[in-house]
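Right, one structure below, let's go through it.
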Amino acid sequence: MTVTATSVGESDRLRPQSAPAPWRARLVRLVPAAAAALSGVLLYVSFPPRTLWWLALPAFAVLGRVLRGRSWKAALGLGYLFGLGFLLPLLVWTGVEVGPGPWLALVAVEAVFVALVGVGIAAVSKLPAWPVWAAAVWIAGEAVRARVPFNGFPWGKIAFGQADGVFLPLAAVGGTPVLGFAVVLCGFGLCEAVTVAVEGRRTRAVRRSAAATALLSVAVPVVGALAARALVSDKAENGTATVAVVQGNVPRSGLEFNAQRRAVLDYHVRETERLAADVKAGKAARPDFVLWPENSSDIDPFVYPDARMVIDQAARAIGVPISVGSVVERDGRLLNEQILWDPVKGPVQTYDKRQIQPFGEYLPLRSLLRAINKDWTSMVRQDFSRGTEPGVFTIDGAKVGLATCYEAAFDWAVRDTVTDGAQMISVPSNNATFDRSEMTYQQLAMSRIRAVEHSRTVTVPVTSGVSAVIMPDGRITQKTGMFTPAYLVQKVPLRSSETPATELGIAPEMALVLVAAGGLGWAIGAGVRGRRAEDA
C-alpha cells in the first residue's frame, strides 16, 4: 500500500473549515438599525399624554451611541429609522379621518429632515466636546423643519415633550430652542458618560477631556434649569381678570361635524347660557369676558342673521364680551377669524389666523393631489387666506393675545402677541376632527410651554376638549374632559413683564444654528485635511 505523506500546511488546507455564519453577521449589522428605530420610539413615549419626559434623555443617549463615528451613508439611514420610530406614532392622529396615506406621506417627508440631522450628528461626533455640536445640529434641524416646506411643521419639537420636566424653566431663558437644546445635550452627555465608564473599565484609564465633556453636558443643563426657576412666576403685575372658557362640544367627532355647523353654534350658546344662569344663582363667579373656541360658529354671523341673533343672545345673557371663533368670507377671501362680540355693540374687534394649516385650511399642490385622489381635494374646496396682524383684544382693560390652534406650534406666532402688549394669551382650538387621539394633549403641552416661555396665563378653549386654564408657571389649574359640554371660570393674573425668551426672540435659535454650522464646518475641514494627509 502506498502512503502519501502530507505537510502540516496541506493537512490544514484539506481539513474542513467552519464556514462563517452569515446570518450572525447580518444580525450584528441589524443591531444599530434596531437601536435607532427603538430609540425613536422611546422619544415618542416621552411625549404627552404621558409624563415620562425623562425618557428623552436615554433616547438621545442611544441615538448618539448609534451615530457616533458612522459614515454619512450609514448615518443617513440610521437617522431616518430614528425619525420613523419617533414620528410614525407621534403623528398617527393626522390619519384619523383621511386615512393612512397622508399620515405616512407626512412622516416619510419629515423623517428626511431627521435623517439629514443624523448625518450632521455623525460628522460632529468626532470633534472634541461633540455633545455640544451634536445638540446644536439637532436644534438647527428643528429650525429648518419649522420653516419648510409649506411654511414648516414644528410638531415634534423636543421642547414640546418637556411640559412636566425639570428643564421647563429654560423656556423662559431662550424659548423652545434653548429648552430643546438642553434636553438633547443632556442625552448626548449621558452617552459620553457611559462611553467613558466602559472604556475606563476596559483600559483602567479615563480620558479627562471626555470625562469633563460628559460631566458638563449633563450638569450644565440641569443647573441652568434650576437657576432659571427664578424667572418663573404666576404673580399678577397688572391686576387680575376673571375668565370663562366655554367648551360647547360637537354633535359627533370627525369631519362630518362641519355639516352640523348650526348645532355646534347652538351648543356653545347653550353652555354660555348655562354659565349665565349659574352666575345669576351664585354658583359661578361673574367673568369679565368669555372665550369660545375656534370654529364655534362656522356660520358667518356677518352674512347670516340667525347666527348673529344667537350670538347676540348669548352675549346678552352673560352680559360680557365673548370671543367667538368663526369662518367668515370678506372681499372674496375665506378667513378663520376670532370676533370679539360685545353684548351691546356686537362685533367690535377681529383677528384673522395668520399661520394656516397646509392640507387642512389650504391645499398646496392641489392639481397634483387631485390627480392622485379626488377625495383629498374635496375636503378643502376653498383655501383660507392668511391674516396679517397680530391678534390682541382689549377687553375691559385687559389685553388678550390670540394664537389660533395650529399657531401655538410656531414660536413667532405666539411671541408677537406678547410683544404687541398681550397680558395673557388664549389659544382657541378645534380638535374635534382628530377624535380622541393624542393630538389634543400634544397641543395642550405646547400651550404649557408657551405659558412659561412668555410668563403669561394661557387659556385653551376647545370645541370638544381638552379645554384648560394654564398659569404662567405652566401648571394646569382647571381642565375639561373630552367630548363633554363644560365651562371653566377662574381669576387669572395679568402680566406685562417680558422674559429673556420674549426679548431675545429668534436670537437664541440663530445662535445655535451658527454653532451647528461651525461644528459642521470644522468636521468637514478636518475630514478633508485627513484625506489629503493619507493621499500624501
How about the stretch 369-393: which of its residues are within 19 Å of P100 (Cβ to Cβ) and among the aliphatic types (A, V, I, L, M)? L369, I372, M379, V380
Hits in the stretch 420-437 (condition: of a type in the set (D, E) and modelled with pLDDT of 95 or more): D420
Which of the following residues is in the same structural domain as V492 (by TED's automatic domain parsing) and either in contact with a Ser or Thr (Cβ under 7 Å, 6 or more places away or on another chain) or part of a loop (DSSP other than H, G, I, E, B) (or both): A284, A277? A284
Applying the selection to the stretch 387-421, what residues are in a loop (DSSP other than H, G, I, E, B), of a type in the set (D, E, K, R) and more than 24 Å from E361 (Cα to Cα)? D396, D420
Conditions (1) loosely packed, with under 14 Cβ neighbours inside 10 Å; (2) in contact with a Phe, Trp or Tyr (Cβ under 8 Å, 6 or more places away or on another chain); (3) among the acidic types (D, E); number of the one not met by D383: (1)
Regarding D352, is this residue more than 33 Å from the chain's Cα centre (by Cα) and surrounded by 15 or more Cβ atoms within 10 Å (Cβ to Cβ)? no
Tell me the residue from S367, S323 that is among the hydroxyl-bearing types (S, T, Y) and either in a loop (DSSP other than H, G, I, E, B) or free of Cβ contacts under 8 Å to residues at least 60 places away in the same chain (or both), please. S367
Out of all the residues in the stretch 32-66, which are outside any helix (DSSP H, G or I) and of a type in the set (S, T, N, Q)? S46, T51
Filter pass, V348 being in the same structural domain as A244 (by TED's automatic domain parsing) and either in a loop (DSSP other than H, G, I, E, B) or in contact with a Ser or Thr (Cβ under 9 Å, 6 or more places away or on another chain) (or both): no
Scan the stretch 455-471 and tell me whether some residue there is under 20 Å from T499 (Cβ atoms), out of contact with any Pro (no Cβ under 9 Å at 6 or more places or on another chain) and without any contact (Cβ under 8 Å) to a residue 60 or more places away in the chain. yes
Heads up, the strands (runs of 3 or more DSSP E) in the stretch 435-523 (entirely inside) with at least 2 residues that are among the β-branched types (V, I, T) and more than 17 Å from Q423 (Cβ to Cβ) are 476-479
Taking the stretch 220-230 and keeping residues of a type in the set (A, V, I, L, M, F, W, C) and buried (at least 17 other Cβ atoms within 10 Å of the Cβ) leaves A225, A228
Give me the residue from the stretch 149-166 that is under 15 Å from the mean Cα position of the chain (by Cα) and hydrophobic (A, V, I, L, M, F, W, C) and, out of that set, farthest from W54 (Cα to Cα). F153
Would the stretch 179-200 turn up any residue that is under 30 Å from L365 (Cα atoms), small (G, A, S) and at pLDDT 95 or above? no
Please work out if S437 is under 29 Å from A236 (Cβ atoms) and assigned by TED's automatic domain parsing to the domain that holds S323. no
Residues of the stretch 422-434 that turn out to be farther than 17 Å from D352 by Cα and part of a loop (DSSP other than H, G, I, E, B), as a count: 2
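Listed here are the residues, each with its yes/no results for (1) in the same structural domain as I121 (by TED's automatic domain parsing); (2) within 24 Å of L90 (Cα to Cα).
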position	(1), (2)
S447	no, yes
R450	no, yes
V460	no, yes
G465	no, yes
I470	no, yes
T484	no, no
V489	no, no
A516	yes, no
G530	yes, no
Residues (in a helix (DSSP H, G or I), at pLDDT below 95 and farther than 17 Å from N431 by Cβ) located in the stretch 88-99: none
For V427, are the conditions met, namely being without any contact (Cβ under 8 Å) to a residue 40 or more places away in the chain and of a type outside the set (G, A, S)? yes
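Quick grid of which residues meet (1) over 30 Å from the mean Cα position of the chain (by Cα); (2) surrounded by 24 or more Cβ atoms within 10 Å (Cβ to Cβ); (3) within 17 Å of T484 (Cβ to Cβ):
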position: R262; (1), (2), (3): yes, no, no
position: E271; (1), (2), (3): yes, no, yes
position: L291; (1), (2), (3): no, yes, no
position: N295; (1), (2), (3): no, yes, no
position: D300; (1), (2), (3): yes, no, no
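The values are calculated or read from the model by the stated rules, or taken from the named source; none is laboratory data. For clarity, every value in this text was computed on a predicted model and none was experimentally measured. As a convention, Cβ positions derive from the backbone with ideal geometry for all residues, glycine included, and neighbour counts pool all protein chains shown.
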